[in-house]
Amino acid sequence: MDGNASNDESCNIDWDTDDEREIGNFPPSSSSSFSVPNGDVNAGSGEGCSSAGSAKFRLIYDMKFPEELVLKAIEQSGETEDFESILETVLVLQALENSPEPQKNVPSDQCSSAYDDGFLDDLSDSDSWCESSIADATNAESAEDQRVLALTNMEYSVEEALIAIDRCGPGASVAELTDFITAAQMAKADDVFYKELPDESKKKRKLYELEVLKKKKRERGAYVAAEDNETIRLPIPMVGFGLPTAEGSTVIHRNLPEAAIGPPYFYYENVALAPKGVWDTISRFLYDVQPEFVDSKHICAAARKRGYVHNLPIDKRFMLVPLPPRTIHDALPMTKRWWPSWDTRTKLNCLQTCIGSARLTDRIRKALENYEDDPPKNVQKYVIDQCKKWNFVWVGRNKVAPLECDEVEMLLGFPKNHTRGGGISRTDRYKSLGNSFQVDTVAYHLSVLRDLFPGGINLLSLFSGIGGAEVALHRLGIRLKNVVSVEISEVNRNIVRSWWEQTNQKGTLIHIADVQKLNADRLEQYMASFGGFDLIVGGSPCNNLAGSNRHHRDGLEGEHSSLFYDYFRILDLVKCMMNRR
């Protein structure tokens with residue numbers, strides 16, 4: 001849908017550009033009205049169509065399409081009287097209309113009236129969340145996909161649709177494609193029509209059928225929170241076993257399965273809104289320990305819905321002090337002066353791996369400058385949607401801007417300049433921060449270790465990123481005696497090494513790049529050197545789990561997220577070795 005539509009000609013704003021390809025959520029313009037007196041179609045100023053055009057439009061109505069659908073197709077086709085074009089638009093609209101609506105995620109509790117958790121659920125952070133994937137997730141489907149969808153909704157098979165497009169050419173209309181398929185069926189030309197496809201076409205067909213299958217699964221409610229038959233369900237509110245900063249019952253004791261009882265302690269993290277069955281699988285592999293789901297919005301000023309599987313005690317937990325700021329204005333007080341009354345956000349959404357562009361913020365500024373007072377409701381809605389999507393904050397009159405790296409560090413609980421310097425680019429800083437722990441949340445869970453290990457701790461940190469667990473333990477006052485940090489990104493390894501030196505750590509830091517090369521022999525060497533591990537912490541990549549990844553959301557079988565099994569493999573090896581000792 002074009003984003004330049006408005007109910008008032010004075011607020012006819014062109015939002016669409018090539019850099020973000022953001023969604024225009026405005027309804028079609030009502031400046032043109034359509035009616036069908038006696039079967040004729042009159043558009044816009046009321047001028048009648050030609051007699052030939054009227055006959056064609058009558059033919060479309062005679063095909064028993066709903067009147068509203070035909071009017072909408074005529075409106076979208078503009079002033080054209082081309083029968084084929086309008087018919088094709090009708091067929092596409094009908095196909096899209098018949099597609100089932102995806103179920104919404106179960107909302108978490110509301111921190112403010114304007115805090116849209118359903119919107120935030122769909123923005124779970126992921127390595128793959130960048131402007132190109134935003135475009136894929138928010139734009140209309142390609143012309144070819146629209147035609148395939150239209151044909152499949154007309155009861156033609158995906159195979160028939162793809163062959164017809166291949167034979168008729170990429171520019172063929174839906175009407176031409178249906179004619180081709182119908183002619184082939186009537187002629188019973190199966191030997192010609194269904195002859196073997198080229199390898200590339202077969203590959204394309206299989207990929208498309210796979211995507212259709214995934215889409216249908218999502219539309220049936222693939223999120224864990226939306227499934228009635230799901231064993232593990234997300235709590236509302238998402239406060240785990242209880243948080244001192246949020247309302248809700250607090251659990252102070254739980255019975256762990258015998259196999260989960262340490263040593264060592266383990267702590268695993270990943271996105272809460274994973275595809276159906278993922279958290280059941282994670283729990284089953286991690287000794288049937290039930291996840292603790294927490295949204296960091298209850299602790300800090302930004303949402304971060306995560307699941308944590310661990311065998312740590314849950315009584316006598318405490319928060320880091322000073323407590324993190326709880327609202328946007330507490331965290332970023334300079335924004336309060338410019339914050340408009342119609343933007344009622346009090347929390348930021350999940351902090352991502354990239355930011356909105358300067359071109360988008362400039363367009364928002366220019367659009368808002370057209371109004372002395374508050375802008376129209378549709379403009380307000382669009383601006384707020386973009387602010388939620390990209391975590392824009394107000395930095396001047398009518399001026400929004402993305403968060404700076406040091407602001408993201410503060411919101412996530414890292415020390416200032418944690419990711420700065422050492423030749424690290426601004427883009428790398430955003431990516432590293434977007435994939436990190438929220439330190440205050442993790443520290444709350446790990447706080448019980450301070451009394452258990454007064455002399456310090458031996459840590460095995462898998463997928464350690466920029467050292468969220470290490471920073472949390474340090475801020476808790478727990479000495480890091482020996483840390484084996486496994487992280488594939490050289491940028492992230494450099495960040496952790498720099499932090500280690502700047503905080504004058506006295507222990508030993510060992511870096512390993514590839515988690516799959518951490519085998520039993522290597523673990524035996526480390527354990528013989530310093531006597532075993534007290535804690536194994538990690539969060540495997542969420543690329544194939546996060547809601548933002550529309551094309552490769554393959555669950556734990558995905559290329560990246562399947563590394564979860566390495567976390568379990570290493571944990572189980574350490575447990576067996578320590579039990580033998």
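The values are calculated or read from the model by the stated rules, or taken from the named source; none is laboratory data. Owing to the predicted nature of the structure, the values given are computational and were not obtained by experimental measurement. So basically every Cβ, Gly included, is an ideal-geometry build from the backbone, and we count neighbours across all protein chains shown. When the accessible area is computed, the model is the full protein with side chains, heavy atoms only, and any ligands, DNA or RNA have been set aside. Shrake-Rupley method; radii C 1.70, N 1.55, O 1.52, S 1.80 Å.
Can you report the number of residues in region 279-292 which are open to solvent by less than 10 Å² (accessible area, probe 1.4 Å) and touching a residue at least 40 places away in the same chain (Cβ under 8 Å)?
Total satisfying the criteria: 5.
Could you tell me whether Arg326 is crowded, with 16+ Cβ neighbours inside 10 Å, charged (D, E, K, R) and at pLDDT 90 or above?
Details: crowded, with 16+ Cβ neighbours inside 10 Å: yes; charged (D, E, K, R): yes; at pLDDT 90 or above: yes.
When the stated conditions are applied, Arg326 passes them.
So which pairs qualify, if the first residue must be in region 440-458 and under 15 Å from His474 (Cβ atoms) and modelled with pLDDT of 95 or more, the second must be open to solvent by 10 Å² or more (accessible area, probe 1.4 Å) and in a helix (DSSP H, G or I), the Cβ gap must be under 7 Å, and the two must be at least 6 apart or on different chains?
Every condition considered, the pairs that remain are Ala443/Arg475; Asn458/Phe530.
Looking only at region 266-278, count every residue that is closer than 20 Å to Gln438 by Cα and either open to solvent by 10 Å² or more (accessible area, probe 1.4 Å) or within 25 Å of the chain's Cα centre (by Cα) (or both) and tell me the total.
Filtering region 266-278 for residues closer than 20 Å to Gln438 by Cα gives 266-274.
Narrowing further to those that are either open to solvent by 10 Å² or more (accessible area, probe 1.4 Å) or within 25 Å of the chain's Cα centre (by Cα) (or both): 267-274.
Total meeting the criteria: 8.
Which of the residues that make up region 287-313 are outside any strand (DSSP E or B) and closer than 14 Å to Ser436 by Cα?
As a first pass, look at region 287-313 and keep what is outside any strand (DSSP E or B): 287-291, 296-301, 303-304, 311-313.
Within region 287-313, Ser296, Ala303, Arg304 meet the criteria.
Checking Glu409 against (1) assigned to a helix (DSSP H, G or I); (2) among the charged types (D, E, K, R); (3) open to solvent by 10 Å² or more (accessible area, probe 1.4 Å), only one condition comes out false. Which one?
Only one criterion in (1) assigned to a helix (DSSP H, G or I); (2) among the charged types (D, E, K, R); (3) open to solvent by 10 Å² or more (accessible area, probe 1.4 Å) is unmet by Glu409, namely (3).
Within region 345-386, which residues are within 24 Å of the chain's Cα centre (by Cα) and open to solvent by 60 Å² or more (accessible area, probe 1.4 Å)? Walk me through how you get there before you give the answer.
Step one: filter region 345-386 for residues within 24 Å of the chain's Cα centre (by Cα), giving 345-361, 364, 380-386.
Once the filter is applied, which keeps residues that are within 24 Å of the chain's Cα centre (by Cα) and open to solvent by 60 Å² or more (accessible area, probe 1.4 Å), region 345-386 yields Ala358, Arg359, Lys381.
Does region 452-504 hold any residues that are among the hydroxyl-bearing types (Ser, Thr, Tyr) and over 11 Å from Leu535 (Cβ atoms), and which are they?
Of all residues in region 452-504, those among the hydroxyl-bearing types (Ser, Thr, Tyr) come to 461, 464, 485, 489, 498, 503.
Answer for region 452-504, where residues must be among the hydroxyl-bearing types (Ser, Thr, Tyr) and over 11 Å from Leu535 (Cβ atoms): Ser464, Ser485, Ser489, Ser498, Thr503.
Out of contact with any Leu (no Cβ under 6 Å at 6 or more places or on another chain) and exposed (fewer than 14 other Cβ atoms within 10 Å of the Cβ): which single residue out of Glu487, Glu501 fits that description? First the steps, then the outcome.
Numbers: Glu487 fails: exposed (fewer than 14 other Cβ atoms within 10 Å of the Cβ).
Of the residues listed, the single one that is out of contact with any Leu (no Cβ under 6 Å at 6 or more places or on another chain) and exposed (fewer than 14 other Cβ atoms within 10 Å of the Cβ) is Glu501.
Which of the numbered conditions does Leu320 fail, given that it passes all the others? Conditions: (1) under 30 Å from Thr245 (Cα atoms); (2) touching an Asp or Glu at 6+ places or on another chain (Cβ under 7 Å); (3) open to solvent by 60 Å² or more (accessible area, probe 1.4 Å).
(3)
Filter region 391-406 for residues that are assigned to a helix (DSSP H, G or I) and either touching a Cys at 6+ places or on another chain (Cβ under 8 Å) or open to solvent by 10 Å² or more (accessible area, probe 1.4 Å) (or both) and give the result. Before the answer, list the steps.
Residues of region 391-406 that are assigned to a helix (DSSP H, G or I), as a first pass: 405-406.
Hit for region 391-406 is Asp406, nothing else.
Identify, from the list Ile466, Ile457, Ile478, the residue that is over 24 Å from Arg522 (Cβ atoms) and open to solvent by less than 10 Å² (accessible area, probe 1.4 Å). Write out each step before concluding.
On the way: Ile466 fails: over 24 Å from Arg522 (Cβ atoms); Ile457 fails: over 24 Å from Arg522 (Cβ atoms).
Being over 24 Å from Arg522 (Cβ atoms) and open to solvent by less than 10 Å² (accessible area, probe 1.4 Å) holds for just one of Ile466, Ile457, Ile478, which is Ile478.
Please verify whether region 185-197 includes one or more residues that are at pLDDT 60 or above, open to solvent by 80 Å² or more (accessible area, probe 1.4 Å), of a type outside the set (Phe, Trp, Tyr) and in contact with a Cys (Cβ under 7 Å, 6 or more places away or on another chain).
Residues of region 185-197 that are at pLDDT 60 or above, as a first pass: 185.
Imposing the further condition that a residue be open to solvent by 80 Å² or more (accessible area, probe 1.4 Å) reduces the set to 185.
Now restrict to residues that are of a type outside the set (Phe, Trp, Tyr): 185.
Right, trim to in contact with a Cys (Cβ under 7 Å, 6 or more places away or on another chain) and you get none.
The answer is no; no qualifying residue exists.
Take the residues in region 527-581 that are at pLDDT below 85 and among the basic types (Lys, Arg), then tell me which one is least open to solvent (accessible area, probe 1.4 Å).
As a first pass, look at region 527-581 and keep what is at pLDDT below 85: 540-562, 580-581.
Subsequent filtering for residues that are among the basic types (Lys, Arg) retains 550, 553, 580-581.
Working: Arg550: 54, Arg553: 26, Arg580: 167, Arg581: 152 Å².
This residue is Arg553.
I need the helices (runs of 4 or more DSSP H) fully contained in region 417-516, keeping only those with at least 2 residues that are on the phi < 0 side of the Ramachandran plot and of a type in the set (Val, Ile, Thr).
Values: elements: 426-434, 439-446, 449-452, 468-475, 490-502.
Because the criterion is at least 2 residues that are on the phi < 0 side of the Ramachandran plot and of a type in the set (Val, Ile, Thr), the helices (runs of 4 or more DSSP H) in region 417-516 that meet it are 439-446, 490-502.
Kindly provide the set of residues from region 329-344 that are open to solvent by 70 Å² or more (accessible area, probe 1.4 Å) and within 26 Å of Tyr444 (Cα to Cα), ordered by number.
Step one: of region 329-344, the residues open to solvent by 70 Å² or more (accessible area, probe 1.4 Å) are 330, 333-334, 336-338, 341.
Residues satisfying the conditions are Asp330, Pro333.
If I ask for residues that are touching a residue at least 40 places away in the same chain (Cβ under 8 Å), out of contact with any helix residue (DSSP H, G or I) (no Cβ under 8 Å at 6 or more places or on another chain) and in a loop (DSSP other than H, G, I, E, B), which ones from region 339-370 would you list? Can you show your working first?
Within region 339-370, the subset touching a residue at least 40 places away in the same chain (Cβ under 8 Å) is 339-340, 342-357, 359-361, 363, 367, 370.
Those left that are additionally out of contact with any helix residue (DSSP H, G or I) (no Cβ under 8 Å at 6 or more places or on another chain): 340, 344, 359, 361, 363.
Pro340, Thr344 - these are the residues of region 339-370 that are touching a residue at least 40 places away in the same chain (Cβ under 8 Å), out of contact with any helix residue (DSSP H, G or I) (no Cβ under 8 Å at 6 or more places or on another chain) and in a loop (DSSP other than H, G, I, E, B).
Can you tell me which residue in region 504-526 is least open to solvent (accessible area, probe 1.4 Å), limited to those that are out of contact with any Lys or Arg (no Cβ under 8 Å at 6 or more places or on another chain) and of a type in the set (Lys, Arg)?
Arg522
Mind listing whichever residues of region 462-486 are of a type outside the set (A, V, I, L, M, F, W, C) and within 23 Å of the chain's Cα centre (by Cα)?
Of region 462-486, the ones of a type outside the set (A, V, I, L, M, F, W, C) are 464-465, 467-468, 470, 474-475, 477, 479, 481-482, 485.
Passing the criteria: Ser464, Gly465, Gly467, Gly468.
Can you tell me which of Lys336, Lys388 is part of a helix (DSSP H, G or I) and touching a residue at least 40 places away in the same chain (Cβ under 8 Å)? Break it down stepwise before answering.
On the way: Lys336 fails: touching a residue at least 40 places away in the same chain (Cβ under 8 Å).
Result: Lys388 is the single residue among Lys336, Lys388 that is part of a helix (DSSP H, G or I) and touching a residue at least 40 places away in the same chain (Cβ under 8 Å).
Ala274 - would you say it is out of contact with any Pro (no Cβ under 8 Å at 6 or more places or on another chain), in contact (Cβ under 8 Å) with a residue 12 or more places away in the chain, of a type in the set (Gly, Ala, Ser) and under 26 Å from Glu404 (Cβ atoms)?
Details: out of contact with any Pro (no Cβ under 8 Å at 6 or more places or on another chain): yes; in contact (Cβ under 8 Å) with a residue 12 or more places away in the chain: yes; of a type in the set (Gly, Ala, Ser): yes; under 26 Å from Glu404 (Cβ atoms): no.
No.
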